[in-house]
Amino acid sequence: MGRLAQTEGLTEIQQDILATVRSFVDKEIIPVATELEHRDEYPAAIVEGMKEMGLFGLMIPEEYGGLGESLLTYALVVEEIARGWMSVSGIVNTHFIVAYMLAQHGTQAQKDHFLPRMATGEVRGAFSMSEPGLGSDVGAIRTRGVRDGDDYVINGQKMWLTNGGTSTLVAVLCRTDEGQPEGAAPHKSMTTFLIEKTPGFGPNETVPGLTIPGKIEKMGYKGVDTTEMILEDVRVPADMVLGGVSGRGFYQMMDGVEVGRVNVAARGCGVAQRAFELGIRYAQQRSTFGKKIAEHQAIQFKLSEMATKVEAAHQMMIMAARKKDSGQRNDLEAGMAKYLASEYCKEVVEDSFRIHGGYGFSKEYEIERLYREAPMLLIGEGTAEIQKMIIGRRLLEEYRLSE
């Protein structure tokens, strides 16, 4: 372990957790990641190992059987996992967004029902905002839930569900409109529904009208299933509205997405660290013009830039996580961390790819997989442009001139 991306002020428990995860990544993930990724195979054995370590309950409060750890601990664990294989970190990300939303906004009955089983990994979460024609405009959601007695009837189509097939609980953002005056802001007419389902693809066995089509074929980020979700007259009990009150879904989802953005930043840090490790190792093995390429000034310049970006992204991610843990608003810091880490990750991976030369284009080398994975981070949990909008608006709030 080198000196890059260290974190000051960790407790002994945090250090022990990270050491355990790092060992698991080195022994159980890195040796098989590229093979599983090329086969687009779900990492079932790795997931079982994470369940045994209690990672699915990492941030879930102890009263519900979890470890009750901080967002900082979670982010550092994700960084380690993504260093091994980014797809595995995606499996835990959506799970924890849903668990966090339940812990923060759920009714007591919802917490009691879901969180203990989520802590063990028996119930695994996915969340769903996006739709086929939606992009970044969350206010344009068309999937609609209409009240019908003690139920809501939901119709619509959702897109880009990470863990869409393997999850057993999906938090779904829908338009409800009830109680809102005509012309009300779109975000005030949204509700988050909790839908329990059986894992698998096709029509769902336990939820009539709900269909998870097959996996979406992707350039990278393989192994983890990414899907659509079709809802045709799906009936959801009113007590499965997150928090028990309609119209709060947008705010609940945005709170969860702040956690997700710290996660994406951590993933970017992990992938960038691995790309740097691969690049600096290869540079000391490959010889050209009679000496190791690491001795060429051009390669040393590249390595120095890569290391600086790895360090900067890590420290920004740590700041965003600690801000959220302190109970303060962190949308500015989370946006900055997600933007910086994802952009730097792309650049570090590309530089490592260049150091590998022609071999980087071969599927035999790990950097080829990282080169296909990094672009997803530029899009997940909001594009760079969305992050810049968030950052710009918050800066104007902070630095607004007095009249």
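The values are calculated or read from the model by the stated rules, or taken from the named source; none is laboratory data. Fair warning: this is a prediction, and the values are worked out from it, not measured in the lab. Ideal geometry is used to build each Cβ from the backbone, glycine not excepted, and the neighbour counts take in all protein chains shown. Heavy atoms of the whole protein, side chains included, go into the accessibility calculation; ligands, DNA and RNA do not. Shrake-Rupley method; radii C 1.70, N 1.55, O 1.52, S 1.80 Å.
Annotations
- Subset tally (residues that are among the charged types (D, E, K, R), farther than 15 Å from residue 345 by Cβ and without any contact (Cβ under 8 Å) to a residue 60 or more places away in the chain) for the stretch 293-322: 2
- When residue 31 is tested against (1) modelled with pLDDT of 95 or more; (2) farther than 27 Å from residue 218 by Cβ; (3) more than 18 Å from the chain's Cα centre (by Cα), exactly one condition is not met: (2).
- Matching residues in the stretch 3-17 - criterion: being part of a helix (DSSP H, G or I) and open to solvent by 70 Å² or more (accessible area, probe 1.4 Å): 12, 13, 15, 16
- Residues satisfying the criterion are absent from the stretch 283-292 (criterion: hydroxyl-bearing (Ser, Thr, Tyr), surrounded by 14 or more Cβ atoms within 10 Å (Cβ to Cβ) and farther than 15 Å from residue 344 by Cα).
- Pairs with Cβ under 7 Å, 6+ apart, first in the stretch 120-132 and touching a residue at least 24 places away in the same chain (Cβ under 8 Å), second open to solvent by 40 Å² or more (accessible area, probe 1.4 Å) and part of a strand (DSSP E or B): 130/160; 131/157; 132/157
- Hits in the stretch 30-60 (condition: in contact with a Leu (Cβ under 9 Å, 6 or more places away or on another chain) and closer than 20 Å to residue 368 by Cα): 42, 43
- Test result for residue 220, closer than 20 Å to residue 101 by Cα, among the small types (Gly, Ala, Ser) and open to solvent by less than 20 Å² (accessible area, probe 1.4 Å): no
- The residue that is surrounded by the most Cβ atoms within 10 Å (Cβ to Cβ), counting only those in the stretch 24-67 that are part of a helix (DSSP H, G or I) and among the aromatic types (Phe, Trp, Tyr), is 56.
- Of all residues making up the stretch 140-174, the number that are open to solvent by less than 30 Å² (accessible area, probe 1.4 Å), free of Cβ contacts under 8 Å to residues at least 60 places away in the same chain and in contact with a Pro (Cβ under 8 Å, 6 or more places away or on another chain): 2
- Test for residue 134: is it open to solvent by less than 10 Å² (accessible area, probe 1.4 Å) and not acidic (Asp, Glu): no
- Count of residues meeting criterion [open to solvent by 40 Å² or more (accessible area, probe 1.4 Å) and touching a helix residue (DSSP H, G or I) at 6+ places or on another chain (Cβ under 8 Å)] in the stretch 313-323: 4
- If you go through the stretch 324-345 and keep only what is more than 12 Å from residue 394 (Cβ to Cβ) and buried (at least 21 other Cβ atoms within 10 Å of the Cβ), you end up with 324, 337, 338, 339, 340, 341, 342, 344, 345.
- Residue within the stretch 324-342 that is within 20 Å of residue 384 (Cα to Cα) and in contact with a Phe, Trp or Tyr (Cβ under 8 Å, 6 or more places away or on another chain) present: no
- Figure legend. Inter-residue proximity from the stretch 196-220: first residues at positive phi, second residues open to solvent by 20 Å² or more (accessible area, probe 1.4 Å), beta-carbon distance below 7 Å, spacing 6+ or different chains. Indicated pairs: 202/211; 209/232; 209/233.
- Close pairs from the stretch 235-258: first in contact (Cβ under 8 Å) with a residue 40 or more places away in the chain and of a type in the set (Val, Ile, Thr), partner open to solvent by 10 Å² or more (accessible area, probe 1.4 Å) and assigned to a helix (DSSP H, G or I), Cβ under 6 Å, at least 6 apart: none
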